[in-house]
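Written out below as structure tokens is the structure these notes cover.
Every read-out reported here was derived from the displayed coordinates using simple, explicitly stated rules and does not represent laboratory data. On a predicted model such as this, the values are computed, not experimentally measured, just so you know. Don't worry about glycine lacking a Cβ; one is built from the backbone with ideal geometry, like all the others, and counts go over all protein chains shown.
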Protein chains: 2
Amino acid sequence: MQTSSIKSFLRPQIDFLTVLGILGSFIFFLGFALLTPMIIALIYEEKVWHTFLSSASIAFVMGGSLYYFFKPEQELRIREGFLVVSLTWLFLSLVGALPFVISGILPSYTDAVFETMSGLSTTGATIFGGETSSGFMNPQIESLPMSMLFWRSMAHWLGGMGIIVLTLAILPLLGIGGMQLFQAESPGPTTDKLTPRVQETAKLLWGVYVAFTGIEFLLLWVHPSMDWFDALNHAFATLATGGFSTKNASIQAFDSVYIDSVITLFMFLAGISFAMHFRLLRGDTQSFFNNRETRFYTLITGISIVVVSASLWLFNEYSIGSALQYGAFQVVSIVTTTGFGTDDYELWYSFGSFFLFLLFFAGGCAGSTGGGPKMIRWMIIIRNSFREFKQIVHPKAVLPIRIGNKTIDADIQRTVLSFFALYLIVFGLGALVMATMGYDLESSIGASIACLGNIGPGWGEFGPTDNYAQIPYAGKWVLIFMMMVGRLEIFTVLLIFTPAFWKQ
Amino acid sequence: MQTSSIKSFLRPQIDFLTVLGILGSFIFFLGFALLTPMIIALIYEEKVWHTFLSSASIAFVMGGSLYYFFKPEQELRIREGFLVVSLTWLFLSLVGALPFVISGILPSYTDAVFETMSGLSTTGATIFGGETSSGFMNPQIESLPMSMLFWRSMAHWLGGMGIIVLTLAILPLLGIGGMQLFQAESPGPTTDKLTPRVQETAKLLWGVYVAFTGIEFLLLWVHPSMDWFDALNHAFATLATGGFSTKNASIQAFDSVYIDSVITLFMFLAGISFAMHFRLLRGDTQSFFNNRETRFYTLITGISIVVVSASLWLFNEYSIGSALQYGAFQVVSIVTTTGFGTDDYELWYSFGSFFLFLLFFAGGCAGSTGGGPKMIRWMIIIRNSFREFKQIVHPKAVLPIRIGNKTIDADIQRTVLSFFALYLIVFGLGALVMATMGYDLESSIGASIACLGNIGPGWGEFGPTDNYAQIPYAGKWVLIFMMMVGRLEIFTVLLIFTPAFWKQ
Ligand SMILES: [K+]
Ligand SMILES: [K+]
């Protein structure tokens, strides 16, 4: 018997040490990320530069030791894969929260983790600018050091990178929630081995992501009301469909048709699968424009813009131009789950307002940085309903579901429907927790869907002009959990809490 | 070729005349039903007695002619069955609304149809006691003639009878939304012919229904604050899980622990499948107590009573006794979709209130008179989620779902999940229509689920102390449609609007 076989034989069902080893490498990498805001701090002579250095050091030591001692020697197996994915977002939030606490900007570690998870999960719900349940007044966004603002945006951007790779390269292999559908569409080699495929795919897709970020940055920067810093932060937050802004009033602060248009366009692009963008940039226009999900997404977004703008024009007496500007921005912001704002949709006439509420359950395309249930699942749910009707009329027929020329097999149909049911159950339970803390129906529902769908702004006390500071700490941890659950396609995280996962 | 073969050959795909013939027989039967409130009117010397006679005459002439000219000669086929089922509720509402209009009590035919559909669908949403959009003040419930109150309750009772037969004898044969599951549980002969089986089953189940109504009537009547009239009306409305009361304040008007307890008990019983009651009365206690759906329903109701009562006790400072009395009543009223009230749940602390809101999506057992998605579907949805997690860990395993010792096959699983998705889509669109009319998020959601789930009272402007008078007429027709869609298990009605239904 060879040594590797013995090791393999002795290897436990779930090799926690290997999992820790991989998490270590991610934490180590986060150390480098933490040095970037430090550079910003040093350039702008902000005293907080050292908090980033300390945080980075902790990340290096912690991550480095974990990796050194538990260096993974074998391929990850499926259960370990789930643990790694779920714990990555949690551990990186726990470590990435350090600068806020070490600098003393946030006295509460809970708040710091909330803000970091909100960043990394591309949610964009903030606890800045409001009073916490312990009576501390968290600082206003505009009063934060530039380096801290940058760290928030960067968390978005890194989170977005993570999600692209996760949905297009890792989840399909793990078989989550119908994500197998996109395996074929991803660029890169199609090997069975996880690591080389993921690395190759990641490089190609991140190229597109970085390029788009660069272009948006330049387009924003040329406008006089945006300096390079605002432009870069908003480019980060847009491509990640994150939604953190450097202004308390979000994009409304810039009050510019040009800026609104650029951001609307890039939010829309960020809501399309990066695999599709990759193909388009390779010159494969046919794949891009024939992709059913992209077309459905465009259709739904287009119709929603028309409907919501019409409501603003007819019932809120906006001019046609303003109606389109604000309607389009808010629709795209919510459909893509970005959560930027240029208008308070809670003040709209109930029709436009409720229409937007329904879009909270949409989500962008799979393989984009958007959260929510996503367009492809809605397509399957809708097609399935029609099939169900057909089945009643022809009880014995075998009726397949097709999207484009692809047949969706029965397992994936069922998985997608299960995803939808589970999504709504988690949404309802999340809202119940908020109600336990004393929030009314609208606020409870709003906070729950805003966090689970990684949108950011919600409804009621958590509307687009509010923040999440006031929530009791226990509630914040529940929302932290919901952001994570939503971001990782529900099954990934919840699986870990089922007996099936732990059974031999 | 024989004559019958020629007829059969010439028979169109969907034989509308046969459908009309059957509807005629139902309308004719409704004529007899309309004579019952006339007797009440004659006894109590109410002037409106003639409106029931006129309405009955119209029903006799209309129903009689339809039946006479289009007398059905052949067995119904599947599509015709769907048309008959859907149109029965609609046509009977259109005709059953006549007394309200002929008497001049309701100047609006829309309001009259709303009230009648609300009766026949066992919803219990009322337009009495409020001002309509055209400025007319609809009379208070207490000012209505006894015969009119009786007609409302009787509509419930007849609707409940219809639903028991529909869900236990007809829908299983038509293959709607997983209802095939209950085919085996229904009493009566198991022939393939629709008519004899339905008639036999109906007789047996209605016996139970009538017996329970009688017992509740007696138990209520013995209490001094209820005369025979109130007792009978409330017994009708309870067994049908309807919710119309003879008092504007609903059951709260009687202010009695005894009455609350009796009604709570009978609402709970009405939420159990009448096939189960039938078995129990036959002495088959094992079937009854081993039935998984009945047990799940009891468990969910029990837990909910404890949770809601605890919330009332802890946060609303009710005494333990009152907390249980009001908590149990409201929980059972909502879970069974009855909609009777002894307390305004909108005034409760947010936790108890939101918990009750979640129960708006429960529904009683299949084969009961309750509306909503129903317990068996929730059981399948929950089991399916667990299976889905197991499937991720064992991607290649074939994992069945079992409820008790019954395996739920894949088609039924998918149908149940599709039902759930479609239910929520209809719910969302219904709420959107309400938002179009200017109602806020809570009221829109409330009215939509209250009508779709056949509950009655909703939220916001349609809470337990409000009514549906104020809604513009177009909105009332949408809600009439939603009560019908919800009552007939979604697929039955919507099917008629799909191309699949009309295609050769
Ligand atoms: K977001
Ligand atoms: K009801």
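Before moving on, here are some points about what is shown:
- For region A:228-325: rounded, prolate or oblate by the Cα gyration tensor [a/c cutoff 1.5]: oblate
- Between region B:345-388 and region B:273-325, the Cα center-to-center distance that results, in Å: 13
- Computing FRET efficiency as 1/(1 + (r/R0)^6) for B:W477 and B:R292, where r is the C-beta to C-beta distance and R0 is 35 Å, gives about 0.35.
- Span-like helix ranges in chain B, DSSP H, alpha carbon extent 20 angstrom or more, Kyte mean at least 1.0: B:16-43, B:78-96, B:146-165, B:292-315, B:320-335, B:410-436, B:473-487
- Proximity of backbone amide H atoms, modeled 1.01 Å from N, is registered between A:I408 and A:I401, A:R402, A:I403 at under 5 Å, excluding neighbours fewer than 5 places apart on the same chain.
- Per-residue mean of C-beta atoms belonging to partner chains within 10 Å, peptide A:377-385: 3
- The modelled label-to-label distance between B:L42 and B:E75, using points 7 Å beyond Cα along the C-beta direction, is 4.3 nm.
- In a reduced charge model with +1 at each Lys and Arg Cβ and -1 at each Asp and Glu Cβ, chain B shows a dipole moment near 2080 debye about its Cα centre.
- For the pair A:W228 and A:L281, label points projected 7 Å from Cα toward Cβ lie 2.2 nm apart.
- If you take all other residues with their beta carbon under 15 Å from the beta carbon of A:I141, and give Lys and Arg +1 and Asp and Glu -1, the sum is -4.
- The trypsin sites (Lys or Arg not before Pro) found in region A:346-399 that occupy coil by DSSP, while having at most 11 further C-beta atoms within 10 Å, are A:K396.
- Sparse packing (at most 15 other Cβ atoms within 10 Å of the Cβ) combined with a DSSP loop state is found for the following GluC sites (Glu not before Pro) in region B:288-358: B:E317.
- Nearest-first distances (nm) between copies at B:G214, label 7 Å from Cα via Cβ: 8.6
- Relative contact order, percent, region B:238-339 [alpha-carbon distance under 8 Å, six or more residues apart]: 37
- Dimensionless Rg over Rh [region B:282-361; C-alpha; Kirkwood]: 1.06
- Among chain A residues, the beta-carbon with the smallest distance to the axis carrying A onto B is reported, with distance in whole Å, as A:L417, 2.
- Shielding by partners - mean other protein chain Cβ count within 10 Å, residues of A:346-359: 4
- Cβ neighbours within 10 Å from other chains - mean over B:13-20: 0
- Computed over the alpha-carbon atoms, the protein assembly as shown gives an Rg to Rh ratio of 1.00, Rh here being the Kirkwood radius from the mean inverse distance.
- Low-density loop cleavage sites - trypsin sites (Lys or Arg not before Pro) in region A:76-158, where at most 16 other Cβ are within 10 Å (DSSP): A:R77
- Those lysines that a straight Cα-Cα span of less than 28 Å connects to A:K203, excepting residues fewer than 8 apart in one chain: A:K71, A:K193, A:K374, A:K406
- Extension gain from B:K396 to B:L299, taking 0.36 nm per residue of separation minus the Cα-Cα distance: 31.5 nm
- At 0.692 mPa s and 37 °C, Stokes diffusion of chain A via Kirkwood alpha-carbon radius, µm² per second: 141
- With 0.36 nm allotted per residue and the present C-alpha distance subtracted, the B:K203-B:L358 stretch has 52.3 nm of extension available.
- Extension gain for the segment B:Y349 to B:L218, taken as residue separation times 0.36 nm less the Cα-Cα distance, is 43.5 nm to one decimal.
- Three principal axis extents describe the C-alpha atoms of region A:10-49; from largest down they are 54, 12, 9 Å.
- When you restrict to C-alpha pairs under 8 Å that are six or more residues apart and normalise by the size of region B:11-117, the relative contact order lands at 34 percent.
- In chain B, Cα pairs under 8 Å separated by at least six residues give a relative contact order of 17 percent.
- Label point of B:D344 (7 Å along Cα→beta-carbon): distances to the other copies' equivalent points are 2.7 nm, sorted ascending.
- A:G283 label point (Cα plus 7 Å toward Cβ) to equivalent points in the other copies: 8.6 nm, shortest first.
- q = 0.17, 0.19 Å⁻¹: log10 I(q)/I(0) that the Debye formula gives for region A:370-482, counting C-alpha atoms only: -0.80, -0.90
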